[in-house]
1. Find how many whole Å separate the alpha carbon centroid of region 99-122 from the alpha carbon centroid of region 1-37.
2. Using per-residue counts of other Cβ atoms within 10 Å, averaged over each peptide, order 93-102, 115-124, 11-20, 80-89 from highest down.
3. Would you calculate a helix-derived [θ] at 222 nm for the chain, using -39,500 (n - 2.57) for each DSSP H run of n ≥ 4 and dividing by the full residue count, to the nearest 500?
4. Just want to confirm a number: the relative contact order over region 6-99, from Cα pairs under 8 angstrom separated by 6+ residues, in percent.
5. Between Glu27, Glu114, Glu71, find the one with the highest GNM mean-square fluctuation for the chain; connect C-alpha pairs within less than 10 Å.
6. With only alpha-carbon pairs counted, each pair once and no self-pairs, how large is the Kirkwood hydrodynamic radius of the chain in angstroms?
7. Give me the net charge for the shell around Thr79: Cβ to Cβ below 13 angstrom, other residues only, Lys and Arg +1, Asp and Glu -1.
8. Using 0.36 nm per residue of separation minus the Cα-Cα distance, give me the extension gain between Leu87 and Asn111 in nm, one decimal.
Amino acid sequence: MESQLYSTLGKLFYGVACTDKRIHQEEVERFEQALKTYWSFTAISSNSLENEILLISLGFKEAAENKLSGESCFESFKTYYTSNPNLFTGEIRENIFKIANSIANSVAGRNKAELIYLAKLILLMDSTPSL
């Protein structure tokens, strides 16, 4: 189950980057940087931090290789999130949003598609009480 969590997070972050139908190198670099910065404060399991970061990155790359749409990435996350709310503490949700927001801000600020994606993410995560 944990590997599915990390894969789903990677896809979510890819979805932010591709929601405007283009992936910029700056978005990939910002994803990697933000993941290392914000995920270091998040402990989900007994996996090592480096392993968690690697698995999330692999989910991002898998989504890119399969050319998934931003919408399908979001729906995948939504399904997993609503089925496993106990895995998402307030701190984890906050760091997920920080990473997503960093990706969206990486190329000339957020565009309309990215703002909508982030708004949907906030609405989803705010609909669940903090653990």
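Every read-out reported here was derived from the displayed coordinates using simple, explicitly stated rules and does not represent laboratory data. Worth saying up front: this structure is predicted, and the values here are computed from it rather than measured. Cβ placement follows ideal geometry from the backbone for every residue including glycine, while neighbour counts extend to all protein chains displayed.
1. One Cα centre to the other: 12 Å.
2. Output ranking for 93-102, 115-124, 11-20, 80-89: 11-20, 93-102, 115-124, 80-89.
3. After summing the helix terms and dividing by the residues of the chain, the value is -23000 deg cm²/dmol.
4. 51
5. Among Glu27, Glu114, Glu71, the largest GNM mean-square fluctuation belongs to Glu71.
6. It is 14.3 Å.
7. For residues surrounding Thr79, the net value is 0.
8. Additional length available on full extension: 5.6 nm.
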